[in-house]
Amino acid sequence: MGAILPRHVAIIMDGNGRWAERRGLARHAGHREGVPVVRLCVEECVRRGIGALTLFAFSSENWRRPEVEVANLMTLFFDALEREVAELDANGVRLRVIGDRHALSVRLQARVAEAERRTAGNTRLDLQIAVSYGGRWDIVQAARKLAAEVATGSLRAADIDEARFGGALALADLPDPDLFIRTGGERRISNFLLWNLAYTELWFTDTLWPDFDVAAFESALEAFALRERRFGLAAAPGERDRA
Ligand code: IPE
Ligand code: IPE
Ligand code: MG
């Protein structure tokens, strides 16, 4: 099926809490069950030759959840990094964490830095994990970076254009996501990649993240292959009937 592959897939991994609650389990059980699904998506991207994958793991707003849930999630990231980094490295995955990393514990920051350093030379898949990330945070930190350059005189305000601004964002060196997937039934962006999703194709599923599987991923890719992307241009002749 469909030769038209996205170059970059962005996923909001939602529904862990509900998955657990439906089974009478603590929310944390759902988060834990979500980890192998991350692995599965990474493997699928590597196997299919999708060059970039960005996963929303923890938002700027998720800090306001109960302290114990936040602590459990941070432990889960810490352990998963430790466990998975060797295999990611062996599979040619370059791992990067995007988000306000100063909000993370010093211990977790160090582990993130180590995983990034270890995988920095890999070129098969660019894997971004968004932790303590918000699309608004990203835009504000970019504005602040550019403002600082203007203040020191190394940049003229008039030279700030979309390319320059995009270059100051967390995903600076990557193409914008072609395909956005959100599991868990909500039809919203929840402060994910606000700038970069401008022309991304959106695909939603009610499937909860721990239940997301290869077949579901395949469905998203098939739906993507059938989309006509116009980027504001007029439909191409012959595409009109399908649009
Ligand atoms: C997504 O699952 C994981 C995080 C936001 C950390 P949720 O924890 O939001 O699960 P639901 O949406 O409550 O089911
Ligand atoms: C979005 O999910 C963030 C992540 C999956 C990490 P949320 O569960 O936090 O989003 P809302 O609250 O339903 O919008
Ligand atoms: Mg949720």
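The values are calculated or read from the model by the stated rules, or taken from the named source; none is laboratory data. The model shown is predicted, which means the values in this text are computed figures rather than measured ones. Cβ atoms come from the backbone with ideal geometry, glycine included; neighbour counts cover every protein chain shown. SASA here: full protein model, heavy atoms, side chains in, ligands and nucleic acids out. Shrake-Rupley method; radii C 1.70, N 1.55, O 1.52, S 1.80 Å.
Quick look at the numbers
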| item | result |
| --- | --- |
| Condition check for Glu116: under 22 Å from Phe217 (Cβ atoms), in contact with a Lys or Arg (Cβ under 8 Å, 6 or more places away or on another chain), more than 16 Å from ligand 3 (Cβ to nearest atom) and without any contact (Cβ under 8 Å) to a residue 60 or more places away in the chain | no |
| Hits in the stretch 148-192 - residues which are under 20 Å from Val37 (Cβ atoms) and either part of a loop (DSSP other than H, G, I, E, B) or more than 13 Å from the chain's Cα centre (by Cα) (or both) | Pro177, Thr183, Gly184, Gly185, Glu186, Ser190, Phe192 |
| Single match in Arg39, Arg27 (criterion: more than 26 Å from Arg118 (Cβ to Cβ) and either of a type outside the set (Val, Ile, Thr) or within 14 Å of ligand 1 (Cβ to nearest atom) (or both)) | Arg27 |
| Checking Glu69 against (1) open to solvent by less than 30 Å² (accessible area, probe 1.4 Å); (2) more than 14 Å from ligand 2 (Cβ to nearest atom), the condition it does not meet | (2) |
| Every pair of residues 6+ apart whose Cβ atoms lie under 6 Å, when the first sits in the stretch 161-188 and is at positive phi while the second is loosely packed, with under 14 Cβ neighbours inside 10 Å | Gly185/Asp206 |
| Cross-chain or 6+ apart pairs with Cβ under 9 Å, the stretch 3-18 first and open to solvent by 10 Å² or more (accessible area, probe 1.4 Å) and near ligand 1 (Cβ under 6 Å from one of its atoms), then of a type in the set (Lys, Arg) and modelled with pLDDT of 95 or more | Met13/Arg182; Asp14/Arg182; Asn16/Arg27; Asn16/Arg32; Arg18/Arg27 |
| Residue satisfying all of: in the stretch 132-142; open to solvent by 10 Å² or more (accessible area, probe 1.4 Å) and either touching a residue at least 12 places away in the same chain (Cβ under 8 Å) or within 16 Å of ligand 3 (Cβ to nearest atom) (or both); nearest to Phe192 (Cα to Cα) among these | Arg136 |
| Candidates Val106, Val112, filtered to the one that is away from ligand 1 (no atom under 16 Å from the Cβ), open to solvent by 60 Å² or more (accessible area, probe 1.4 Å) and either at pLDDT below 95 or among the aliphatic types (A, V, I, L, M) (or both) | Val106 |
| Filter pass, Ala80 being under 17 Å from the mean Cα position of the chain (by Cα) and either among the hydroxyl-bearing types (Ser, Thr, Tyr) or in a helix (DSSP H, G or I) (or both) | yes |
